Amino acid sequence: MPELPEVETIVRGLEHRVVGDTIESVWIGSRKQPLKSSPAAIVKALEGTRIQRVHRAGKHIVFELESFAPPPKGKRSKKPDNKPAQWVVHLGMTGRMVVSNPSAEVAKHTHLIATLASGRDLRFVDPRMFGKLSVHSTAFDPGGVEPLEVSEKRFVALFRGRKTPIKSALLNQKLVRGVGNIYADESLFRAGIRPRRRAAAITRRELAKLHRSVREVLREAIALGGSSVSDYVDADGEEGFFQLEHRVYGREGEPCRVCGSAIRRVVLAGRSSHYCPKCQK
Ligand SMILES: [Zn+2]
């Protein structure tokens, strides 16, 4: 499942390939599950628009579209009509955005094809259909703070008075966008905090450390992905996502890379959490 660093990597890959291009036409498949806006609304928002920018909001890919008003009678100029339009894609578990040659075979489970003026296709493929496609006329806000941009002060304040375990709070998308299970475990390890501790009981100093470690872990993962961008947006294959060398995640019973103690696993709200009993307090 793509997490924030993978989505960031995909966004960077798309940025190089599709910004400035115009969507000429849109084909939408018959499956309704991935569509969070009506097919008519998607077609209306996408067709004839120029992709101004691609950016990430949490784990969502946001295409900023510049639409054009139909030219008034007797005039030739096509001016942007300044209607904000955003196309938002969430990859879910198995979704992919693929930039391909129109002659490339359409993969099974392709739900949308945007034909670009440059002569390429932008395709959304998703076998399991947990992905989501939607269009918005006002700025899309997935909620929560952006972990790579949030200030230490604001980050620390998020956890004040929260009785839930720190791990659950980190995974709460209403608080922090886009930090998934793997990166939450890895960040807590680096900050020396056990996943089950109550968020409210963690000291300011520890939270400041957690703020740094979350960003460090995400940045390292993004840096790792930089070289493999093409695997996500160009290839039609099923490449797996890159991974940081995990220090705790998925390493139950294996020795801690710092102190040698056996890594432990606990289940929190139905999800596995991994930690070192010695390095994390
Ligand atoms: Zn350790």
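Okay, here's what the table says:
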quantity	calculated
Among the candidates Ser25, Ser30, residue that is surrounded by fewer than 16 Cβ atoms within 10 Å (Cβ to Cβ), part of a strand (DSSP E or B) and among the hydroxyl-bearing types (Ser, Thr, Tyr)	Ser25
Residue count for the stretch 113-127, restricted to those that are open to solvent by less than 40 Å² (accessible area, probe 1.4 Å) and under 11 Å from Ser25 (Cα atoms)	5
Residue list for the stretch 128-139, restricted to those being in contact with a strand residue (DSSP E or B) (Cβ under 9 Å, 6 or more places away or on another chain), assigned to a loop (DSSP other than H, G, I, E, B) and not small (Gly, Ala, Ser)	Met129, Phe130, Thr138
Qualifying residues in the stretch 247-281 (those that are touching a residue at least 40 places away in the same chain (Cβ under 8 Å) and of a type in the set (Val, Ile, Thr)) - the one nearest to the ligand (Cβ to nearest atom)	Val248
Residues that are aliphatic (A, V, I, L, M) and either free of Cβ contacts under 8 Å to residues at least 12 places away in the same chain or surrounded by fewer than 15 Cβ atoms within 10 Å (Cβ to Cβ) (or both), drawn from the stretch 92-106	Met93, Ala104
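The values are calculated or read from the model by the stated rules, or taken from the named source; none is laboratory data. Every value quoted in this text rests on a predicted model; they were computed, and no experiment measured them. As a convention, Cβ positions derive from the backbone with ideal geometry for all residues, glycine included, and neighbour counts pool all protein chains shown. Just the protein is used for accessible areas: all its heavy atoms, side chains included, with ligands, DNA and RNA removed. Shrake-Rupley method; radii C 1.70, N 1.55, O 1.52, S 1.80 Å.
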